[in-house]
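The values are calculated or read from the model by the stated rules, or taken from the named source; none is laboratory data. In this text, all values refer to a predicted model and were calculated from it rather than measured experimentally. FYI the Cβ positions are ideal-geometry reconstructions off the backbone, even for glycines, and counts take in every protein chain you see.
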């Protein structure tokens with residue numbers, strides 16, 4: 001029988017040497033979790049690592065994680081999955097474990113080809129409606145830092161992490177408190193997953209965009225897609241259609257509304273990207289140890305009791321880049337990412353403010369939230385078109401934002417390959433967002449002295465934190481509450497908020513389908 005223990009050691013101590021000293025009877029160990037406690041970095045105490053480990057003594061063996069999958073005999077139509085992001089791919093993985101190959105349709109291209117299109121957009125403004133930061137193999141998660149952080153509690157999280165390691169992720173993602181793959185590494189991993197699925201009988205069709213559901217009244221019979229290379233329509237018949245299209249496939253929401261698929265308005269958050277020189281954030285977080293600990297993370301938040309509204313950091317990218325991430329020709333959106341080494345000279349994070357459905361945008365139209373977001377993105381684009389070329393991102397310094405006065409000084413250097421132009425962001429963002437961002441920045445400066453400095457940039461707008469709607473589904477079978485055979489899945493359906501939670505939701509949908517067909 002193995003022994004599990006937890007202990008804390010100085011950051012410079014080698015864990016294997018510490019284990020030999022503390023537990024001399026151990027013959028082997030494995031790390032269950034590892035996290036950095038840097039709270040003492042600026043107090044002379046030094047950062048520490050907190051480890052949970054499992055070790056064995058002579059004659060003992062580690063318990064092994066395993067799941068058994070009994071193959072199901074099924075002669076019916078294959079499930080059809082719309083979207084090859086984390087939700088869609090892990091739905092397909094779970095189905096194939098039980099011997100059920102699926103059909104995946106994806107409007108964009110494979111990851112490595114998709115990257116060429118995205119680079120052309122960032123560098124030269126050459127926008128591709130079907131291959132961009134949100135559309136294509138891997139979904140939006142492919143270019144959002146490869147963060148695997150999740151707060152959900154599910155037995156499937158372990159499965160997701162193990163599968164990622166099986167397909168090429170470093171073993172540490174199974175135990176680090178904030179696992180991170182890096183946008184550069186997750187691309188190859190996604191290719192490995194799709195190759196694996198194809199080898200086991202799954203069909204994966206790229207350049208095929210869903211046009212409509214095949215319906216018999218309110219019962220789904222399959223999907224009709226448009227082959228973007230030939231412009232021909234193709235029908236895939238199935239009684240199980242998984243809608244894993246991501247939170248930016250806005251024409252899908254419009255189509256679902258027209259077909260009376262039950263949806264409801266949903267809260268979300270919008271704001272800006274704040275960008276610092278990485279060395280400044282590292283110094284704030286790690287003090288004298290900043291050169292030894294690498295790129296640092298932070299998380300800040302402020303809850304305004306008067307408005308019952310939050311202002312908080314989101315998707316923090318140490319040693320990362322701020323990227324243009326729009327999915328429409330007439331809109332600008334910003335996002336952030338880091339590569340695996342996190343060695344960019346800059347660090348960035350979203351700073352966003354809660355937006356409340358029915359309060360900040362009204363009306364009975366279920367897509368009012370989408371319209372609210374689009375109006376902000378279009379303002380940013382029009383400003384870029386007027387004051388630059390339409391490619392560059394609007395930005396100002398934190399000092400200018402807080403004072404309300406724009407000076408004649410040039411903007412600090414940036415990580416964004418699209419470039420910046422100086423612009424008053426208060427002309428883009430709603431007033432309540434401006435007010436809460438200002439309150440937040442003042443508060444965050446108190447918590448992290450140096451955070452709101454003249455060298456910090458605000459780049460706007462950050463509008464794609466989550467879907468603006470929820471596609472309503474039953475709690476029991478996870479099927480659409482209005483349309484039999486339709487399975488809303490992942491971030492785009494309003495049931496996930498990142499790579500890991502989207503993958504877990506895909507697994508849950510697969511298990512519901514398996515229960516139905518078995």
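Please work out if residue 513 is in contact with a helix residue (DSSP H, G or I) (Cβ under 6 Å, 6 or more places away or on another chain) and either part of a helix (DSSP H, G or I) or under 26 Å from residue 328 (Cα atoms) (or both).
Numbers: in contact with a helix residue (DSSP H, G or I) (Cβ under 6 Å, 6 or more places away or on another chain): no; either part of a helix (DSSP H, G or I) or under 26 Å from residue 328 (Cα atoms) (or both): yes.
Judged against the criteria, residue 513 is not a match.
Only one residue in 336, 326, 319 is surrounded by 20 or more Cβ atoms within 10 Å (Cβ to Cβ) and more than 19 Å from residue 376 (Cβ to Cβ). Which one? Break it down into steps so the answer makes sense when it comes.
Numbers: 336 fails: more than 19 Å from residue 376 (Cβ to Cβ); 326 fails: more than 19 Å from residue 376 (Cβ to Cβ).
Unique residue meeting the criteria: 319.
Buried (at least 24 other Cβ atoms within 10 Å of the Cβ), under 26 Å from residue 355 (Cα atoms) and modelled with pLDDT of 95 or more: is that true of residue 499 in this structure?
Numbers: buried (at least 24 other Cβ atoms within 10 Å of the Cβ): yes; under 26 Å from residue 355 (Cα atoms): yes; modelled with pLDDT of 95 or more: no.
No, not satisfied.
Taking interchain pairs and intrachain pairs at least six residues apart, which have beta carbon atoms under 7 angstrom, with the first residue in the range 5-26 and assigned by TED's automatic domain parsing to the domain that holds residue 52 and over 13 Å from residue 55 (Cα atoms) and the second at pLDDT below 95 and assigned to a loop (DSSP other than H, G, I, E, B)?
Partner pairs satisfying both residue conditions: 10/46; 11/46; 11/47.
Looking only at the range 210-242, count every residue that is in contact with a helix residue (DSSP H, G or I) (Cβ under 9 Å, 6 or more places away or on another chain) and in a strand (DSSP E or B) and tell me the total.
Initially, the range 210-242 is screened for residues in contact with a helix residue (DSSP H, G or I) (Cβ under 9 Å, 6 or more places away or on another chain), giving 210-213, 239-240, 242.
After this cut, where a residue has to be in a strand (DSSP E or B) as well, the list is 210-213, 242.
Adding up the residues that qualify gives 5.
When only residues in the range 340-374 that are closer than 30 Å to residue 281 by Cβ and assigned to a loop (DSSP other than H, G, I, E, B) count, which is modelled with the lowest pLDDT? Give the steps one after another, and end with the answer.
Start the filter on the range 340-374 by keeping residues that are closer than 30 Å to residue 281 by Cβ, which leaves 340-355, 373.
From the residues that got through so far, the ones that are assigned to a loop (DSSP other than H, G, I, E, B) too are 340-345.
Values: 340: 81, 341: 85, 342: 88, 343: 90, 344: 94, 345: 97.
Among them, the one singled out is 340.
Which residues, counting only those in the range 321-344, are touching a strand residue (DSSP E or B) at 6+ places or on another chain (Cβ under 8 Å) and closer than 27 Å to residue 385 by Cβ?
Across the range 321-344, the qualifying residues are 321, 322, 323, 324, 325, 332, 333, 334, 335, 336, 337.
Within the range 381-409, how many residues turn out to be more than 21 Å from residue 123 (Cβ to Cβ) and assigned to a loop (DSSP other than H, G, I, E, B)? Reasoning before the result, please.
Going residue by residue through the range 381-409, those that are more than 21 Å from residue 123 (Cβ to Cβ) are 382, 386, 396-409.
Those left that are additionally assigned to a loop (DSSP other than H, G, I, E, B): 404-409.
Total satisfying the criteria: 6.
Just to be sure I understand, how many residues within the range 52-66 are closer than 19 Å to residue 35 by Cβ and in a loop (DSSP other than H, G, I, E, B)?
0
Would you call residue 106 in contact (Cβ under 8 Å) with a residue 24 or more places away in the chain, loosely packed, with under 15 Cβ neighbours inside 10 Å and under 28 Å from the mean Cα position of the chain (by Cα)?
Details: in contact (Cβ under 8 Å) with a residue 24 or more places away in the chain: yes; loosely packed, with under 15 Cβ neighbours inside 10 Å: no; under 28 Å from the mean Cα position of the chain (by Cα): yes.
Taking the combined requirement at face value, the residue does not satisfy it.
Being at positive phi and under 17 Å from the mean Cα position of the chain (by Cα) narrows it down to one of 494, 485, so name that one.
Values: 485 fails: under 17 Å from the mean Cα position of the chain (by Cα).
Unique residue meeting the criteria: 494.
Residues in the range 276-297: is at least one within 30 Å of residue 342 (Cβ to Cβ), at pLDDT below 95 and touching a strand residue (DSSP E or B) at 6+ places or on another chain (Cβ under 6 Å)?
yes
So that you can scan it fast, the table gives a plain yes or no per residue for (1) within 21 Å of residue 437 (Cβ to Cβ); (2) without any contact (Cβ under 8 Å) to a residue 40 or more places away in the chain:
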{"residue": "308", "(1), (2)": "yes, yes"}
{"residue": "312", "(1), (2)": "yes, no"}
{"residue": "318", "(1), (2)": "no, no"}
{"residue": "327", "(1), (2)": "no, no"}
{"residue": "330", "(1), (2)": "no, no"}
{"residue": "336", "(1), (2)": "yes, no"}
{"residue": "341", "(1), (2)": "no, no"}
{"residue": "348", "(1), (2)": "yes, no"}
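Looking for whichever is on the phi > 0 side of the Ramachandran plot, more than 27 Å from the chain's Cα centre (by Cα) and free of Cβ contacts under 8 Å to residues at least 60 places away in the same chain here; the options are 99, 46, 40. Which one fits?
Exactly one residue qualifies, and that residue is 99.
Got a number for residues in the range 378-415 being loosely packed, with under 14 Cβ neighbours inside 10 Å and in contact with a strand residue (DSSP E or B) (Cβ under 6 Å, 6 or more places away or on another chain)?
Step one: list which residues in the range 378-415 are loosely packed, with under 14 Cβ neighbours inside 10 Å, which gives 386-387, 389, 403-405, 407-410, 413.
When the remaining residues are screened for being in contact with a strand residue (DSSP E or B) (Cβ under 6 Å, 6 or more places away or on another chain), the result is 387.
Adding up the residues that qualify gives 1.
Kindly provide the set of residues from the range 434-456 that are in contact with a strand residue (DSSP E or B) (Cβ under 7 Å, 6 or more places away or on another chain) and assigned to a helix (DSSP H, G or I), ordered by number.
The first filter runs over the range 434-456 and keeps only residues in contact with a strand residue (DSSP E or B) (Cβ under 7 Å, 6 or more places away or on another chain), leaving 436-437, 439-440, 443, 454-456.
Scanning the range 434-456 gives 436, 437, 439, 440, 443.
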